[in-house]
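One structure below.
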Amino acid sequence: MQLGGPSWTVPLGRRDSTTASASLANSDLPGPGSSRSQLEAAFLKKNLNTVDMVALSGAHTIGKAQCSNFRNRIYGGDTNINTAFATSLKANCPQSGGNSNLANLDTTTPNAFDNAYYTNLLSQKGLLHSDQVLFNNDTTDNTVRNFASNAAAFSSAFTTAMIKMGNIAPLTGTQGQIRLSCSKVNS
């Protein structure tokens, strides 16, 4: 893989929807301001446990977030943020405006799928509130510590969680379609 990270076998023949719904997706995905308990509840609704939740959050080792999703965190909304980290983010995310300005979710290794995301959390450098709550003197701290110090444990847990997530509410019978190309609806 170009970015590194684990791999797993994806079963062929899965039926996919022929339509997409942003509102449905957003109603199921916890937001960037979610608390740890809100995250756990959202994942549990999909039969994903706390370790799955912490492992899947590790996908934030790549990607970016818009300023509007972390502005409150860097301007005094959270106390569990590294001061120098918050200051560095303010240059590209002003208190007003710049809503769509981007910052890397993982500032250490933004182009590698690795366990640096968890190391960042140990240093209070989680970009989103929903990231940092995973390491904030609570029940998920030990899992974050484990993944920060053991890349193989993270990779294994991430793979397990991805397989579980891939099996959430599959379409059956005549629902959806088996796509000829995964990235587009059959014509």
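The values are calculated or read from the model by the stated rules, or taken from the named source; none is laboratory data. These numbers were taken from a predicted model, which means no experiment stands behind them. When we count neighbours, we look across all protein chains shown, and the Cβ atoms used for this are built from the backbone with ideal geometry, even at glycine. Accessible surface is based on the protein model in full, side chains and every heavy atom, while ligands, DNA and RNA are left aside. Shrake-Rupley method; radii C 1.70, N 1.55, O 1.52, S 1.80 Å.
When the helix-only estimate is applied to the chain (DSSP H runs of n ≥ 4, each -39,500 (n - 2.57), divided by the residue count), what is the mean residue ellipticity at 222 nm, nearest 500 deg cm²/dmol?
-10000 deg cm²/dmol
Within the set of other residues whose C-beta is less than 12 Å from the C-beta of ALA65, count the net charge using Lys and Arg as +1 and Asp and Glu as -1.
Numbers: positive: LYS64, ARG71, ARG73; negative: ASP106, ASP131.
Local net charge: +1.
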Isolated cysteines for the chain, Cβ-Cβ cutoff 4.7 Å, are CYS182
Cross-link reach list, lysines versus LYS164, counting only Cα pairs under 16 Å and skipping chain neighbours closer than eight places: LYS45, LYS46
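Among rounded, prolate and oblate, which fits region 64-109 when a ≥ b ≥ c are the square roots of the eigenvalues of its C-alpha gyration tensor, a/c under 1.5 means rounded, and a/b larger than b/c means prolate?
Values: a/c = 1.66, a/b = 1.07, b/c = 1.55.
Oblate.
In square angstrom, what is the accessible area per residue of the chain with a 1.4 angstrom probe?
On the way: 10580 Å² over 187 residues.
So the chain comes to 57 Å² accessible per residue, rounded to a whole number.
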Set the Förster distance to 25 Å, then compute FRET efficiency between ASN146 and LYS64 from the Cβ-Cβ distance, nearest 0.05. 0.45
Could you check the spin-label model distance between ASN99 and ASN26? Points 7 Å from the Cα along Cα→Cβ, value in nm. 1.0
Expressed in angstrom and rounded, the centroid-to-centroid distance over alpha carbons for region 161-187 and region 43-81 is 26
Amide H contacts of LEU105 (H built 1.01 Å from N, under 5 Å, at least 5 apart or other chain): GLY63, LYS64, ALA65
Carbon and sulfur: what percent of the chain's accessible surface (1.4 Å probe)? 53
Springs between alpha-carbon atoms under 10 Å, Gaussian network over the chain: tell me which of ASP141, ASP28, ASP114 tops the mean-square fluctuations. ASP28
What aspartates and glutamates could a cross-link reach from LYS125, if we take a straight Cα to Cα line under 20 Å and drop same-chain neighbours fewer than 8 places away? ASP78, ASP106, ASP114, ASP138, ASP141
If I stretch the segment between ALA84 and ASN137 completely, what's the gain in nm (0.36 nm per residue apart, minus their alpha carbon distance), one decimal? 17.0 nm
